[in-house]
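Here is the structure we will look at.
The values are calculated or read from the model by the stated rules, or taken from the named source; none is laboratory data. Because the structure is predicted, anything quoted here is derived from the model rather than measured. So basically every Cβ, Gly included, is an ideal-geometry build from the backbone, and we count neighbours across all protein chains shown.
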Amino acid sequence: MKFINKIEEFDILSKSPDKIYYKGNLELLKKKKIAIIGSRKMSIYTRNCIFELAKLCKNAGICVVSGGALGVDIAAANAAFPSTIAVFANGLDEIYPKSNKKYIEAIYQEALALSEHDGNYKPKPYDFLLRNRLIVALSEVVVIAQADIQSGSMQSARLALDMKKPVYVLPQRIKESEGTNLLLSQKQANLLHDFSHFVSKFGELNKEPYDELLEFLKIEDNLEKILTKFGDKIYEYELEGLVEICGLKVRSRI
């Protein structure tokens, strides 16, 4: 398996990996990087916020870093695709979680996957916590979209604070994301309420290009008609997280 010996951002760690195994495009390491991480069981509100934020990052030339896990992580990766880096606790020949298989394989091909473990290594519970230090070290800023108090994302927040990395959280209702609300109450995180202003600190915002397929979805949601007009392009949009296909209906996620 391909590997590199050094990633500069990992120099901040007291114990950095001897090797980093990878699949995909190493050029993404040269971009500004923002981590977007959080709960595996996110609310619809959180999902919508993530798509908007990650897409703005992508359009501004920023790479979104996550753990490729269920929920917030893979949603952010999909919205930013292919401008995304996923850091895994397992070896890269071992797809985990299996339910994200098609998205992870797309990351292997067109984005970037990293791991400190070779081949078919199967992760132990503590490997996920160790993986979090790499996500935080790699990123300039850490956005925690939604998190419970006893969660890996809260451990990532502590790591970020130890590394002097800014932590941002979304506005959330009481009891819906108690971890991020606690960070706010303790003044350990910044409130992220203006996505465009936030992204403009790290990259140059670009005007959204006209997209014929997404415009067509405003007047037509029938899958067969969309396939007739645009062919398999609709499935590429689904992979990128731009649309959702439910039976014979298609809806935009933007």
Please go through the range 184-212 and pick out each residue that is closer than 22 Å to Asn48 by Cβ, surrounded by 14 or more Cβ atoms within 10 Å (Cβ to Cβ) and at pLDDT 90 or above. Leu184, Ala189, Asn190, Leu192, Phe195, Phe198, Val199
Given the criteria modelled with pLDDT under 95 and touching a helix residue (DSSP H, G or I) at 6+ places or on another chain (Cβ under 9 Å), does Gly24 qualify? no
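Results for (1) at pLDDT 95 or above; (2) touching an Asp or Glu at 6+ places or on another chain (Cβ under 7 Å), shown as yes or no for each residue.
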residue: Ala86; (1), (2): yes, no
residue: Asp93; (1), (2): yes, no
residue: Glu110; (1), (2): yes, no
residue: Ala113; (1), (2): yes, no
residue: Asn120; (1), (2): no, yes
residue: Lys124; (1), (2): no, no
residue: Ser139; (1), (2): yes, no
residue: Leu159; (1), (2): yes, no
With the structure loaded, tell me whether Ala145 is closer than 27 Å to Ile44 by Cα, within 11 Å of the chain's Cα centre (by Cα), modelled with pLDDT under 95 and not polar (S, T, N, Q) or whether it fails that test. no
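Residue-wise test of (1) touching a residue at least 24 places away in the same chain (Cβ under 8 Å); (2) within 17 Å of Thr180 (Cα to Cα); (3) exposed (fewer than 14 other Cβ atoms within 10 Å of the Cβ).
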residue: Asn5; (1), (2), (3): no, no, yes
residue: Tyr21; (1), (2), (3): yes, no, no
residue: Glu27; (1), (2), (3): no, no, yes
residue: Lys30; (1), (2), (3): no, no, yes
residue: Gly38; (1), (2), (3): yes, yes, no
residue: Lys41; (1), (2), (3): yes, yes, yes
residue: Ile44; (1), (2), (3): no, yes, yes
residue: Arg47; (1), (2), (3): yes, yes, no
residue: Cys57; (1), (2), (3): yes, no, no
Okay, helices (runs of 4 or more DSSP H) sitting entirely in the range 148-207 with 1 or more residues that are within 22 Å of Leu134 (Cβ to Cβ) and either touching a Lys or Arg at 6+ places or on another chain (Cβ under 9 Å) or of a type in the set (Phe, Trp, Tyr) (or both), I get 152-162
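Yes/no matrix, rows are residues, columns are (1) outside the structural domain of Val65 (by TED's automatic domain parsing); (2) touching a residue at least 60 places away in the same chain (Cβ under 8 Å); (3) aromatic (Phe, Trp, Tyr); (4) surrounded by fewer than 17 Cβ atoms within 10 Å (Cβ to Cβ):
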{"residue": "Ala137", "(1), (2), (3), (4)": "no, yes, no, no"}
{"residue": "Val143", "(1), (2), (3), (4)": "no, yes, no, no"}
{"residue": "Pro171", "(1), (2), (3), (4)": "no, no, no, yes"}
{"residue": "Gly179", "(1), (2), (3), (4)": "no, no, no, no"}
If the requirement is being touching a Phe, Trp or Tyr at 6+ places or on another chain (Cβ under 8 Å) and outside any loop (DSSP other than H, G, I, E, B), which of these qualifies: Tyr22, Tyr96? Tyr22
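Test Ala75 against the criterion of being farther than 19 Å from Arg133 by Cβ, in contact with a strand residue (DSSP E or B) (Cβ under 8 Å, 6 or more places away or on another chain), crowded, with 24+ Cβ neighbours inside 10 Å and not β-branched (Val, Ile, Thr), and give yes or no.
no
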When (1) out of contact with any helix residue (DSSP H, G or I) (no Cβ under 7 Å at 6 or more places or on another chain); (2) in a loop (DSSP other than H, G, I, E, B); (3) of a type outside the set (Lys, Arg) are applied to Glu220, the one that fails is (1)
